[in-house]
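Quick notes on the structure that follows.
Derivation of every value follows stated rules applied to the coordinates shown; laboratory data play no part. Predicted model only: the values in this text are computed from it and were never measured.
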Amino acid sequence: MKNKLLEVKNLGKTYHEVKDSIVAIRNVSFDVYDKEFIAIVGPSGCGKSTILSILAGTDYKSSGDVRYNMENIRLAYMLQRDSLFPWRTILDNCLIGLEITNTLTKENKNYVLQLLETYGLHDFIYKYPDSLSGGMRQRVALIRTLALKPDILLLDEAMSALDYQSRLAISDDIYRIIKNEGKTAIMVTHDISEAISMADRVIVLTKRPATIKNIYEIKLTNKSTPIHNRKCIEFSDYYDQIWRDLDVHI
Ligand code: ADP
Ligand code: MG
């Protein structure tokens, strides 16, 4: 029996401006299971980031319920900009969360060193972010996030700032790291291929106000890493269906 980690029920959000109000989200319901990789796709400006920030607790919901079925659940948020500090080494960037939360123990530091080693960054730990490629910096940002041992990772267009080639490579890296470390992930993206190639389930949103258009369980023959998954025979069927879901003219 799969363990339900998060229940979102009838979530709604209205932003109140001086003159009028904007309904960003309406009646959004979905569940997330332990170790599941969920992708949320939808047109630009439909309310994806709003959903994620409500899940992260950095914004308020207007209605509905968000329930985590775990006490003291640890959430981590990863954004498009890697926001590494240029004056800190790679290692020190990865340790910053532990410093801030006063949990920089020897054990936690070793965990970070081990992640940097496992994911090919060991030779760079005393280098500065400027000397790394965009893809590597994003990998560092992910390790900095994992340092706090989160139960759920929230990724908001985390790969969008990168060029196409780096994006494919870093999608593979991020996927591998998240699956290897046994994490649950909710990733927001406007890129249909990225969603299908990475996720166990894809939630498709309508244009604003975001409501749920469809939820797809992605079943691919010989499912493996995101780059490989793009070549699976079922891939283009999912792509066509989701593309049709998103196309406002049909
Ligand atoms: P997405 O991430 O899908 O591109 P957002 O969740 O950022 O979309 O935004 C959804 C809608 O809510 C947009 O129309 C945006 O203008 C509006 N919105 C987002 N944040 C705020 C805010 N803080 N105040 C007012 N309106 C907002
Ligand atoms: Mg957004």
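For the reader, a short list of remarks on this structure follows.
- The range 122-250: radius of gyration over Cα atoms, expressed as a fraction of 2.2 N^0.38 Å: 1.14
- Take every pair of alpha-carbon atoms less than 8 Å apart whose residues are at least six positions apart; their mean separation over the length of the chain yields a relative contact order of 26 percent.
- Pairs of Cα atoms farther than 22 Å apart, the chain, %: 56 percent
- Of Met136, Met70, Met198, the residue with the greatest mean-square motion in the GNM of the chain, using alpha carbon springs below 10 Å, is Met70.
- Divide the volume of the convex hull around the Cα atoms of the range 181-250 by the residue count and you get 95 Å³ per residue.
- By the rule of a C-alpha distance below 26 Å, with chain neighbours fewer than 8 residues away ignored, the lysines paired with Lys19 are Lys48, Lys61, Lys207.
- Where only C-alpha atoms are counted, convex hull volume of the range 80-148 per residue in Å³: 79 Å³
- Taking the DSSP beta bridges with both ends in the chain, the antiparallel portion is around 50 percent.
- Value of relative contact order over the range 77-148, rounded to a whole percent, pairs C-alpha under 8 Å and six or more apart: 53 percent
- Alpha carbon convex hull of the range 22-112, projected area averaged over orientations, nm²: 8.5 nm²
- Volume per residue for the range 57-206 equals 137 cubic angstrom (convex hull of Cα atoms).
- Taking every C-alpha pair closer than 8 Å and separated by at least 6 residues, the mean separation divided by the residue count of the range 62-184 gives a relative contact order of 38 percent.
- Overall shape: oblate for the range 125-198, with the ratio a/c of the largest to smallest alpha carbon gyration tensor axis at 1.5 or above and b/c at least equal to a/b.
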